[in-house]
Amino acid sequence: MPLDAILITELCRELNEAVSGCKIDRVHQPEKDTVVLALRGSGGGAKLLLCFGSGSARACLTQAGFENPAQPPMFCMLLRKHLQGARIVSVTQPEGERMLLFRLAAYDEMGEAVEKTLAMEMLGRNANLILADGDGRILDAARRVDSEMSPLRQLLPGLIYRLPPKPEPGKFSGLSPLVRREMEWRGLPQTPEGLEGLERVPTMLVEDGKPKDFTYLPILQYGPTVESVTYPGWSALLEAFYAEKDRAEHLKSRARSLTKLVRSAKNRTEKKLALRLQELAATEDRETDKRRGDLITANIWRMKPGMASVTVEDFYEPDSPMVTVPLDPRKYPQQNAAAYYKQYAKKKTAREHLTALIEENRVEAEYLASVAVELDRAQTQADLEVVRQELVRAGYVREAKGKRREKPAQPMRFVTSAGLEVMVGRSNLQNDELTFRTARRTDLWLHAQRLHGAHVILRCEGAEPDERSVYEAACLAAFYSEGGQAGRVAVDATQARFVKKQKGARPGMVLYTDQRTIMAEPRKEL
């Protein structure tokens with residue numbers, strides 16, 4: 001992202017005006033790579049976000065709310081010790097550097113006035129947050145760097161804090177690749193002089209309705225395919241750009257443990273299924289065992305103890321061909337027959353038992369696959385809570401004692417062009433709730449054909465729904481399904497009264513009849 005030295009210059013000017021003179025009230029570290037300073041000044045309260053994550057490093061004022069961990073990290077405790085009650089004297093930027101220095105006035109344990117510096121380094125993968133005392137010695141760093149990690153520059157408590165190495169003489173490194181391409185496209189020199197006379201405004205580049213990039217210049221190189229949207233300030237620009245990115249990353253992190261659990265359970269189930277299918281295949285010759293037992297019994301008068309085999313007519317076949325039946329020479333003829341009958345009975349019982357277990361494994365694997373789709377579709381923390389509660393009820397997750405439950409999200413609700421309500425389940429449990437408790441018998445029920453996905457209910461109010469509404473509901477069923485990224489998806493639609501649930505079936509698994517199939521587009525804009 002183009003958080004280059006030029007943009008940081010503008011950001012520094014804005015932050016210096018906004019936070020200089022403010023006192024640091026509280027320090028929080030909601031994520032391992034994010035620190036939030038709650039400020040108090042003459043103009044009221046504010047929050048300063050310092051993010052040192054790889055690919056998302058930034059410093060800006062924020063309006064977002066954060067959920068703090070029950071136990072603050074050690075780095076957060078150190079910052080609280082040194083920063084709470086301190087006053088921000090100024091915000092500066094070393095010339096040409098992608099970093100900000102927050103000069104602080106504070107008091108030590110003895111009540112003596114001291115100076116401290118909080119260095120926010122926004123250096124891509126090497127982003128960091130370092131606290132140094134008045135003598136320039138490092139008190140600590142969010143990411144400590146020893147000599148093995150970097151022979152040129154170490155960041156460890158007790159060492160003198162030094163700025164990052166300067167670029168090679170004559171090389172101007174303050175421009176992002178985006179701005180370099182833009183200046184080349186405009187025929188301008190890629191130097192500080194090339195930027196003179198160009199207005200700098202907080203600009204978001206939007207493509208297909210999604211944030212693509214941000215910068216401080218109107219970007220012309222993409223033509224009409226990319227829209228330039230201006231913002232009232234640099235903090236507002238960064239906040240808007242990273243809001244969706246951070247939300248998605250945060251949600252992905254929260255979903256990771258559930259996804260891993262579901263994937264592991266599904267893999268175990270599929271391994272069991274494969275082994276049981278192999279065991280089932282070994283029972284296919286059970287009729288041969290029974291036949292051999294019958295042939296021995298019918299020809300026992302021909303046999304003598306100690307025989308290793310006997311050749312007899314096979315009366316099961318039309319022409320009664322001669323067949324050889326293997327025998328255990330250590331057993332009497334009657335014992336050989338009993339052994340074949342016992343083997344037949346064992347395989348028959350095993351087959352019946354395995355058939356039931358295999359069906360259970362198949363149903364469980366299908367169910368876990370549907371839960372995996374739910375996790376992929378989750379858009380909020382509330383969505384994840386719906387799925388987590390489903391896994392708790394299914395016995396895959398143990399409910400922690402004393403843990404505060406988050407309120408699960410309700411089913412998604414939409415309105416068609418004709419004003420009809422559409423409800424979409426967020427989980428298998430919600431799917432069952434919608435289909436069998438919320439929907440009226442004559443409401444339209446929709447589901448992607450042969451794909452895991454949401455149950456969709458189109459409220460018909462006892463009347464025949466218009467085709468446009470039916471198609472829009474089908475598009476939602478396609479979008480909130482396993483085929484949500486496909487071009488077209490087959491969606492089955494039937495009245496809710498034709499949807500049934502077998503006794504003992506897993507949540508979300510149903511049977512239905514009297515359906516018609518609609519080819520729908522999974523269109524997000526709906």
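The values are calculated or read from the model by the stated rules, or taken from the named source; none is laboratory data. Keep in mind that this is a model prediction, so the values were computed, not measured. Cβ coordinates were reconstructed from backbone atoms using ideal geometry, including for glycine residues, and neighbour counts include every protein chain displayed.
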**OP:** Please give the number of the condition Ser228 fails out of (1) under 26 Å from the mean Cα position of the chain (by Cα); (2) assigned to a strand (DSSP E or B).
**Re:** (1)
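Yes/no per residue for (1) of a type outside the set (Gly, Ala, Ser); (2) in contact with a Pro (Cβ under 8 Å, 6 or more places away or on another chain):
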site: Leu175; (1), (2): yes, no
site: Arg186; (1), (2): yes, no
site: Gly194; (1), (2): no, no
site: Leu217; (1), (2): yes, no
site: Glu227; (1), (2): yes, no
site: Leu238; (1), (2): yes, no
site: Phe241; (1), (2): yes, yes
Original post:
So which residues in segment 251-270 are touching a Leu at 6+ places or on another chain (Cβ under 8 Å) and either closer than 30 Å to Glu31 by Cα or not assigned by TED's automatic domain parsing to the domain that holds Glu385 (or both), if there are any at all?
Top reply: Leu251, Arg254, Ala255, Leu258, Thr259, Leu261, Val262, Ala265
Original post:
Do we have any residue at all in segment 404-423 that's at pLDDT 95 or above and within 24 Å of Ala505 (Cβ to Cβ)?
Top reply: yes
**OP:** Scan segment 441-469 residue by residue and report those that are over 35 Å from the mean Cα position of the chain (by Cα) and crowded, with 18+ Cβ neighbours inside 10 Å.
**Re:** Pro465
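Going by the conditions given, is Ala345 in a helix (DSSP H, G or I), touching a Gly at 6+ places or on another chain (Cβ under 6 Å) and either farther than 30 Å from Asp246 by Cα or outside the structural domain of Thr259 (by TED's automatic domain parsing) (or both)? Let's see the steps before the verdict.
Working: in a helix (DSSP H, G or I): yes; touching a Gly at 6+ places or on another chain (Cβ under 6 Å): no; either farther than 30 Å from Asp246 by Cα or outside the structural domain of Thr259 (by TED's automatic domain parsing) (or both): yes.
The answer is no for Ala345.
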Original post:
Tell me, which residue of segment 55-71 that is surrounded by 12 or more Cβ atoms within 10 Å (Cβ to Cβ) and modelled with pLDDT under 90 is nearest to Gly233 (Cα to Cα)?
Top reply: Ala64
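For every residue, the table says whether it meets (1) under 30 Å from Gln84 (Cα atoms); (2) of a type in the set (Ser, Thr, Tyr); (3) buried (at least 16 other Cβ atoms within 10 Å of the Cβ); (4) touching a residue at least 24 places away in the same chain (Cβ under 8 Å).
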{"residue": "Met110", "(1), (2), (3), (4)": "yes, no, no, no"}
{"residue": "Leu123", "(1), (2), (3), (4)": "yes, no, no, yes"}
{"residue": "Asn128", "(1), (2), (3), (4)": "yes, no, yes, yes"}
{"residue": "Gly134", "(1), (2), (3), (4)": "yes, no, no, no"}
{"residue": "Leu152", "(1), (2), (3), (4)": "no, no, no, no"}
{"residue": "Arg186", "(1), (2), (3), (4)": "no, no, no, yes"}
{"residue": "Arg200", "(1), (2), (3), (4)": "no, no, no, yes"}
{"residue": "Ile219", "(1), (2), (3), (4)": "no, no, yes, yes"}
Original post:
Only one residue in Lys342, Lys348 is basic (Lys, Arg), in contact with a helix residue (DSSP H, G or I) (Cβ under 8 Å, 6 or more places away or on another chain), farther than 23 Å from Arg268 by Cβ and modelled with pLDDT of 90 or more, so which one is that?
Top reply: Lys348
Subject >> Breaking point among (1) crowded, with 16+ Cβ neighbours inside 10 Å; (2) in a loop (DSSP other than H, G, I, E, B), for Ala372 >> reply: (2)
Subject >> Residue count for segment 1-55, restricted to those that are without any contact (Cβ under 8 Å) to a residue 12 or more places away in the chain and either outside the structural domain of Arg87 (by TED's automatic domain parsing) or over 30 Å from Thr191 (Cα atoms) (or both) >> reply: 2
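One line per residue, one yes/no per condition, for (1) more than 28 Å from Arg362 (Cα to Cα); (2) acidic (Asp, Glu); (3) free of Cβ contacts under 8 Å to residues at least 40 places away in the same chain:
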position: Met423; (1), (2), (3): yes, no, yes
position: Phe436; (1), (2), (3): no, no, no
position: Ala439; (1), (2), (3): yes, no, no
position: Arg488; (1), (2), (3): no, no, yes
**OP:** Could you check how many residues of segment 278-289 are touching a residue at least 60 places away in the same chain (Cβ under 8 Å) and either not assigned by TED's automatic domain parsing to the domain that holds Val312 or not polar (S, T, N, Q) (or both)?
**Re:** 5
**OP:** Return yes when Leu458 is modelled with pLDDT of 95 or more, in contact with a strand residue (DSSP E or B) (Cβ under 6 Å, 6 or more places away or on another chain) and not small (Gly, Ala, Ser) and no when it is not.
**Re:** yes
Original post:
His353 is checked against (1) touching a residue at least 24 places away in the same chain (Cβ under 8 Å); (2) surrounded by fewer than 21 Cβ atoms within 10 Å (Cβ to Cβ); (3) not aliphatic (A, V, I, L, M) and fails just one. What number does that condition carry?
Top reply: (1)
**OP:** Being over 30 Å from Asn68 (Cβ atoms) and either out of contact with any Gly (no Cβ under 9 Å at 6 or more places or on another chain) or in a helix (DSSP H, G or I) (or both) narrows it down to one of Ala274, Ala255, so name that one.
**Re:** Ala274
Original post:
Quick one: what pairs do we get from segment 290-316, first residue part of a loop (DSSP other than H, G, I, E, B), second exposed (fewer than 14 other Cβ atoms within 10 Å of the Cβ), C-beta under 7 Å, 6+ apart or different chains?
Top reply: Gly306/Pro329; Met307/Pro329; Ala308/Pro329; Asp314/Ser320; Asp314/Pro321
Original post:
Of the residues Val470, Val491, which is in contact with a strand residue (DSSP E or B) (Cβ under 8 Å, 6 or more places away or on another chain) and assigned to a strand (DSSP E or B)?
Top reply: Val491
Subject >> Residue in segment 29-40 that is assigned to a strand (DSSP E or B), modelled with pLDDT under 95, surrounded by 15 or more Cβ atoms within 10 Å (Cβ to Cβ) and among the acidic types (Asp, Glu) present >> reply: yes
**OP:** Could you grab me the full set of residues in segment 310-336 that are within 23 Å of Glu284 (Cβ to Cβ) and either among the charged types (D, E, K, R) or over 60 Å from the mean Cα position of the chain (by Cα) (or both)?
**Re:** Asp314, Phe315, Tyr316, Glu317, Pro318, Pro321, Val323, Thr324, Val325, Leu327, Asp328, Asn336
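A quick yes/no check of all residues on (1) more than 30 Å from Val201 (Cβ to Cβ); (2) surrounded by 15 or more Cβ atoms within 10 Å (Cβ to Cβ); (3) not assigned by TED's automatic domain parsing to the domain that holds Ala365:
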residue: Ser235; (1), (2), (3): no, yes, yes
residue: Glu239; (1), (2), (3): no, yes, yes
residue: Tyr242; (1), (2), (3): no, yes, yes
residue: Lys272; (1), (2), (3): yes, yes, no
residue: Arg276; (1), (2), (3): yes, yes, no
residue: Gly293; (1), (2), (3): yes, yes, no
residue: Ala298; (1), (2), (3): yes, no, no
residue: Ala308; (1), (2), (3): yes, no, no
